[in-house]
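A quick write-up on the structure given underneath.
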Amino acid sequence: MTSIEFVTLEVADPAAAGSFYSTAFGLGNQVRLGASEAPTTGFRGFTLSLVVSQPANVNALVDAAVAAGATTLKPAAKSLWGYGGVVQAPDGTIWQIASSSKKDTGPATREIDEIVLLLGVEDVKASKQFYVDHGLAVAKSFGGKYVEFATGSGPVKLALYKRRGLAKVAGISPDGTGSHRLAIGSDAGTFTDPDGFAWTTASETASL
């Protein structure tokens, strides 16, 4: 089964970004950084989600991110599916921080249960077939709206969402041009998907 070992965020200042992610989220090797000045504007077409066990943990991570320099795109609040908020890191990456629980069950921590990469694509069905052809197995699929892949024991999960829908969830305009400034490190091989997202092997991807 294909697994995603990490994602690499391509940033203008890796040292500053590394300091932010260490302070805000305490992330390890699941998220790595590479230097890039590739032109990019507006929505880069993806978000990263930190899934946690309770609302108090959402608040703890959002507060830590904002204190470290992130911008709030959507304040943490209850919704039909749980509790969550959205922030944008100083390097431009959009992070959703969410819990399916609406009630706290213990003291707040910054423990992260899952990291989910959501790719905003123009044609969910076509992108789904592309990934199936590249060896990924579908775990959940809701027509042309959303697809979740089975990525085994890999620390990063993968899902596809309509680009406009994902931008709406993030609280920003769907417009954007240029580089995604993202590389996906996995055992699936090296390729670029229909929406321009680059996949690399671990040996080809920069690390912190």
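Some observations on this one:
- In this structure, the pairs whose alpha-carbon distance is over 27 Å, taken from K74/K162; K74/K125; K102/K125, are K74/K125; K102/K125.
- Theoretical FRET efficiency, 1/(1+(r/R0)^6), r = Cβ-Cβ of D123 and S79, R0 30 Å, to 0.05: 0.65
- Relative exposure of Y146, Y21, judged by other C-beta atoms within 10 Å (fewest first): Y146, Y21
- Here r is the Cβ-Cβ distance between S141 and E37 and R0 is 45 Å; the resulting FRET efficiency, rounded to 0.05, is 0.75.
- The fraction of Cα-Cα pairs per 5 angstrom bin, counted from 0 for region 79-208, comes to 2, 8, 16, 23, 21, 17, 9, 4, 1 percent, rounded to whole percents.
- Net charge dipole, region 4-204: roughly 820 debye, given to the nearest 20, about the Cα centre with Cβ charges of +1 for Lys and Arg and -1 for Asp and Glu.
- Gained length - K102 relative to E114, 0.36 nm times residue gap less alpha-carbon distance: 2.6 nm
- Percent of alpha-carbon pairs separated by more than 15 Å within region 13-56: 60
- Projecting the Cα atoms of Q30, A16, T71 onto the dipole axis of region 1-75, where Lys and Arg carry +1 and Asp and Glu carry -1 at the beta carbon, places T71 farthest toward the positive end.
- In the chain, helical runs assigned H by DSSP with n ≥ 4 each contribute -39500 (n - 2.57); averaged across all residues and rounded to the nearest 500, the mean residue ellipticity at 222 nm is -6000 deg cm²/dmol.
- Semi-axis lengths, largest first, of the ellipsoid equivalent to region 63-107 are 21, 12, 7 Å, with √(5λ) applied to each eigenvalue of the Cα gyration tensor.
Read-outs: derived from the displayed coordinates by stated rules, not from any lab. A quick note: this is a predicted structure, and the numbers were derived from the prediction, not measured. All Cβ positions, even for glycine, are placed from backbone atoms using ideal geometry, and neighbour counts span all protein chains on display.
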